[in-house]
Amino acid sequence: MLALLGSSRKEGNSEHLAKKALADIDYTSIYLRDYQINPILDKRHDAEGFTSVNDDYERLLEAFLAHDIIVFATPLYWFGMSGQMKNFFDRWSQYMRDSRYNFKGEIPKKSAYTIVTGNSPDPKISALPLIQQFHYIFDYIGMEFADYIIGQANQPGDIANDSFAIQKAELWNQKFKKNLNSTR
């Protein structure tokens, strides 16, 4: 399992929910803020194709491709995902075409879970377009969109007051543990 954390804040509310969902499970955390991910230079239609980019993206992609269950966690920033996470997705355009990676072959083996936290206006409504965006992204590439949590929180630790989001993260945790035990 992989937790892909898109917040620019350490110990934020989306990270807290991801940790709750993955408690007592062996998983890998990637804090996108700790990596240099350059914006995409779209060369899909150029004869020479995409050019090599000197950043950390290929390390992130290799870790991503090595996991079957991915928890994408991001705060709601201006009614969308964080910039770090958006850059992560944008670069898929490049690596879907890179013969060194079996991106299109590996993606259908993966399940996506999404956590979004925000505060105002009510994120249970204002984050729905972002949830829909995640759904479209995963549908487009053939990745299962298993479930999502929208939490209401602003300052670090506020998520503890959203009992519904906490309970859903705990349900995910039970489901993950059950699935892990059934595959052993």
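The values are calculated or read from the model by the stated rules, or taken from the named source; none is laboratory data. Here the structure is a predicted model, which means the values were calculated and not measured. Virtual Cβ from ideal backbone geometry, glycine too; neighbours counted across all protein chains shown. Quick note on the areas: whole protein, heavy atoms, side chains included, nothing else; ligands and nucleic acids left out. Shrake-Rupley method; radii C 1.70, N 1.55, O 1.52, S 1.80 Å.
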Could you please tell me which pairs satisfy a Cβ distance under 9 Å, a separation of 6+ or placement on different chains, a first residue in the stretch 150-163 that is more than 18 Å from residue 114 (Cα to Cα), and a second residue that is among the acidic types (Asp, Glu) and not in a helix (DSSP H, G or I)?
-> 156/11; 157/11
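Table: residues versus (1) in a strand (DSSP E or B); (2) within 18 Å of the chain's Cα centre (by Cα).
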site	(1), (2)
125	no, no
132	no, yes
137	no, yes
140	no, yes
150	yes, yes
154	no, no
159	no, no
164	no, no
167	no, no
If you check residue 120 against the conditions, is it part of a loop (DSSP other than H, G, I, E, B), open to solvent by 80 Å² or more (accessible area, probe 1.4 Å) and either in contact with a helix residue (DSSP H, G or I) (Cβ under 8 Å, 6 or more places away or on another chain) or over 30 Å from residue 46 (Cα atoms) (or both)?
-> yes
Tell me which residues, restricted to the stretch 26-40, are open to solvent by less than 50 Å² (accessible area, probe 1.4 Å) and modelled with pLDDT under 95.
-> 37, 38, 40
Hits in the stretch 123-155 (condition: out of contact with any strand residue (DSSP E or B) (no Cβ under 7 Å at 6 or more places or on another chain), surrounded by 12 or more Cβ atoms within 10 Å (Cβ to Cβ) and among the hydrophobic types (A, V, I, L, M, F, W, C)) = 128, 137, 141
Top-ranked residue in the stretch 82-108 [being outside any helix (DSSP H, G or I) and touching a helix residue (DSSP H, G or I) at 6+ places or on another chain (Cβ under 6 Å); ranked as surrounded by the most Cβ atoms within 10 Å (Cβ to Cβ)] | 91
Scope the stretch 1-24; condition in contact with a strand residue (DSSP E or B) (Cβ under 9 Å, 6 or more places away or on another chain) and in a helix (DSSP H, G or I); matching residues | 13, 14, 15, 16, 17, 18, 19, 21
Take residue 55 and decide whether it is out of contact with any helix residue (DSSP H, G or I) (no Cβ under 9 Å at 6 or more places or on another chain), surrounded by fewer than 17 Cβ atoms within 10 Å (Cβ to Cβ) and in a loop (DSSP other than H, G, I, E, B).
-> yes
Say we look at the stretch 156-184 and pick out the residues that are among the basic types (Lys, Arg) and open to solvent by less than 100 Å² (accessible area, probe 1.4 Å); which of these is nearest to residue 18 (Cα to Cα)?
-> 168
Of all residues in the stretch 41-52 being touching a residue at least 40 places away in the same chain (Cβ under 8 Å) and not charged (D, E, K, R), which is most open to solvent (accessible area, probe 1.4 Å)?
-> 50
